[in-house]
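As structure tokens, the structure follows; a few thoughts come after it.
Values quoted throughout were computed directly from the atomic coordinates according to the rules given, and no laboratory measurement underlies them. Remember, it's a predicted structure, so these values are computed and weren't measured experimentally. Here the Cβ positions follow ideal geometry from the backbone for every residue, glycine too, while neighbour counts run over all protein chains shown.
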Amino acid sequence: MKPADRHQPTAADPPEGPDHRMDDTTAHDAPGAPHGAPDHDARPYRRNPDLLLEWADGGGPVLVDCGSWRKFAAKPVLVDLLNQLDRPHTADQLQGRWQESAPGGDVRTLLARLAAAGILRRCAPPPTDAAEAAVEGAVDDAGDDAGDDVRDPGAGWTAYERAVHARSGLGPDAAAGRGTPPPARLHHPGVDAAIALPDGADAPSRPLADVLAARRSVRGYAPDPVPLPLLAALLARAARVRGHLAPRAYQQTQRPAPSGGARHSLEIHLVARAVTGLSPGAYHYDPFAHALHRLAPWTDELAAFQQRTVTDPALLDHAPPASLCLTAVAARTTWKYEGMALSLIYRDTGCLMQTLSLTATDLGLASCLTGRMEAPFTAPFLPPSLRAHLSHVGNMALGLPTSPLAAPDVTPLAP
Ligand SMILES: Cc1cc2nc3c(=O)[nH]c(=O)nc-3n(C[C@H](O)[C@H](O)[C@H](O)COP(=O)(O)O)c2cc1C
């Protein structure tokens with residue numbers, strides 16, 4: 001991830017960066033108690049769990065607080081202290097080891113400063129005066145500092161997930177959106193056949209309210225092949241490109257599902273085990289030409305790919321007659337939204353998934369989405385030249401419903 005917000009303090013930002021006061025802190029003079037310094041040190045401190053270490057361009061290692069997106073020079077003495085504060089420690093516990101690094105030998109001042117900068121967090125005070133015993137006990141019992149205030153609401157995320165979320169909240173990098181945008185159309189090398197699809201205009205449809213009421217994930221399919229006209233209607237209604245949006249040079253298109261910045265990074269591949277009129281194999285849907293491009297015949301590797309991305313995660317007894325594999329050409333979105341592109345691609349995926357899901361229901365097709373993503377993406381139908389350019393983001397099982405379609409097993413709400 002690139003250094004993000006130029007307005008945030010960074011290692012290269014002397015007046016603001018608490019990192020530069022670390023030199024004071026770790027050296028000599030003894031400033032008075034800092035602003036907000038506690039008058040007792042019974043509460044233990046712990047390293048802010050949102051801190052990650054990254055390398056600034058030519059600037060050495062930098063600590064990044066993924067919650068506030070502040071940055072601090074990662075001096076060895078600080079990293080050493082933070083290593084120890086993987087678990088809660090009181091100032092008294094650290095006094096012996098750190099007094100020489102602290103101003104005037106006062107570790108409390110050092111810790112309070114680091115806490116004020118957000119590098120450390122205060123934990124809840126132990127229930128008794130025996131701070132040390134209580135802290136050790138909490139760690140031993142819970143394996144972590146249970147009951148303290150180290151964790152934010154939303155706990156359960158890793159620091160990496162918080163980093164992506166916090167970075168996305170900052171908006172795109174100022175340098176994004178320059179130069180030539182990547183094309184909105186993917187041309188697969190090595191296509192061995194192109195199948196023009198019917199437009200699906202004569203396929204059935206129902207009122208939206210009925211479709212919403214009927215939509216559900218289906219985990220059992222009739223053994224019959226999927227009729228190509230229904231599959232073509234699904235792709236036309238849910239994913240076909242309707243035209244370019246101005247300015248055309250930006251490679252923005254208008255399609256049935258919305259997409260951040262009209263970047264439409266997503267590509268649909270079809271894994272066709274049994275579709276009428278198609279030889280079994282893998283295909284790429286070209287949403288501009290409304291055509292399927294055949295990439296590979298059916299093989300054991302393709303069957304295994306469908307098994308691990310669709311059949312197993314959807315808990316199906318049998319492989320579905322067809323499945324869709326959703327991938328992203330991330331460069332389309334990063335070109336305009338670098339820094340927040342991943343979150344936009346995931347949201348685009350949700351939009352396309354829902355559009356496909358409702359359209360399948362409307363057409364009388366049964367479907368089940370799966371969130372399985374392979375990274376690195378090694379689908380057997382991918383040419384090596386595209387492996388690094390396509391990110392796998394989701395899948396959908398497709399088939400005809402068994403008759404009658406089983407009702408979902410739900411517990412009615414109490415009146
Ligand atoms: C993003 C996403 C990922 C999903 N991944 C899976 C999956 O991997 N396996 C699965 O069985 N269902 C998956 N589902 C389907 C959900 O389990 C299903 O929507 C949920 O159980 C509610 O049932 P309903 O769709 O019938 O309302 C996924 C749904 C979404 C939206």
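Sorted fewest first by neighbouring Cβ atoms within 10 angstrom, T370, T253, T411 come out as T411, T253, T370.
Straightening the chain between S205 and W298 buys 30.3 nm, computed as 0.36 nm per residue apart minus the Cα-Cα spacing. Couplings 3J(HN,Hα) for region 74-82, derived from phi with the Karplus relation 6.51 cos²θ - 1.76 cosθ + 1.60 (θ = phi - 60°), are 8, 6, x, 5, 6, 4, 4, 4, 5 Hz, where x marks Gly and Pro. Short-range pairs are left out: with C-alpha atoms under 8 Å and at least six residues apart, the relative contact order of region 193-399 is 27 percent.
What does DSSP give for region 193-399 in terms of the percent of beta bridges that are antiparallel, rounded to the nearest 5? Of those bridges, close to 95 percent are antiparallel. Enclosing the Cα atoms of region 197-292 in their convex hull gives a volume equal to 137 cubic angstrom per residue. The share of C-alpha pairs in region 193-399 whose separation exceeds 32 Å stands at 11 percent.
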